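The values are calculated or read from the model by the stated rules, or taken from the named source; none is laboratory data. This is a predicted model, so every value here is computed, not measured. Backbone-built Cβ (ideal geometry, glycine too); neighbour counts: all protein chains shown.
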């Protein structure tokens, strides 16, 4: 059975060209025969002339008509191919604003459409790369400038030991943030170059999530946030190490955007068709504009930057879910909290 991609694949009508050529030859043969027959019977004695000579004339006329038609077709195809070659040359020079007109494209319409789509995708990829470098440079530069500033200040001034330790502690935190940014960026880049997840094993997904909760429990206790976990026994076949990033990032996101004294809920459900994991908080929630950009790189809904982060966690979550052939859904109300639903 053909899959959806194969069914939707566009094809060039080469069979139609062969049929058209056969029709052209047939029509030219009929025209040649009628023309020579008319001349023969109108101006010559049909009974005494040489039929072989007239047959040769038929083939000559037929060949001339066919040759003229094929030459016209060849010129038309040459012009269309020239448009394509010129377009390829322009793209090779870096012109990604080019689109080939579909006027009089004929059988080349499919090729021109695919070429235009390819150029648009290349342009989008180029813009995304430029935006990525811009965002990464900005996020990378902030902790570096902070470390540089404190280092220069410590070098130029003699400070009491306690004050010096405070500055060194800030520098260490900024260095840690820098290392975390680099690690997350490299990990996301690795995920985006993966086409599928390998090294899959069957394991207890509910136990993995509980282990993540225990791992992050101290950071929740600092904000007096309660954790309520209701998970049945769930078996899943996947890469345990990669899947762990989903739960760590979702829990950390819930912690960052929850107020003190609130509760974060982790609930699960397993059926024969799917596995659903919900992570729900009672935090600040988000508006519709924030939800639209939630999974963009370096995007942070908290424009005040009061919560520490780089805006990569949810991008990592979304990419892993996609690689698992699953889906992610978000429900949020501003001021009331947010729920993330993971379907595997």
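Observations on the structure shown:
Results for (1) surrounded by 18 or more Cβ atoms within 10 Å (Cβ to Cβ); (2) in contact with a strand residue (DSSP E or B) (Cβ under 9 Å, 6 or more places away or on another chain); (3) within 22 Å of residue 177 (Cβ to Cβ); (4) at pLDDT below 65, shown as yes or no for each residue.
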| position | (1), (2), (3), (4) |
| --- | --- |
| 291 | no, yes, no, no |
| 314 | yes, yes, yes, no |
| 327 | no, yes, no, no |
| 334 | no, no, no, no |
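- Residue satisfying all of: in the range 229-246; in contact with a strand residue (DSSP E or B) (Cβ under 8 Å, 6 or more places away or on another chain) and in a helix (DSSP H, G or I); surrounded by the most Cβ atoms within 10 Å (Cβ to Cβ) among these: 246
- Sub-8 Å Cβ pairs linking a first residue in the range 332-344 that is over 17 Å from residue 249 (Cβ atoms) to a second residue that is assigned to a strand (DSSP E or B), at least 6 apart or interchain, are 337/280, ordered by first then second residue.
- Boolean, residue 197 is part of a loop (DSSP other than H, G, I, E, B), touching a helix residue (DSSP H, G or I) at 6+ places or on another chain (Cβ under 6 Å) and under 30 Å from residue 233 (Cα atoms): yes
- Being within 30 Å of residue 83 (Cβ to Cβ), within 30 Å of the chain's Cα centre (by Cα) and touching a residue at least 40 places away in the same chain (Cβ under 8 Å) is a description that does not apply to residue 127.
- Figure legend. Inter-residue proximity from the range 171-194: first residues assigned to a loop (DSSP other than H, G, I, E, B), second residues at pLDDT 80 or above, beta-carbon distance below 8 Å, spacing 6+ or different chains. Indicated pairs: 194/323.
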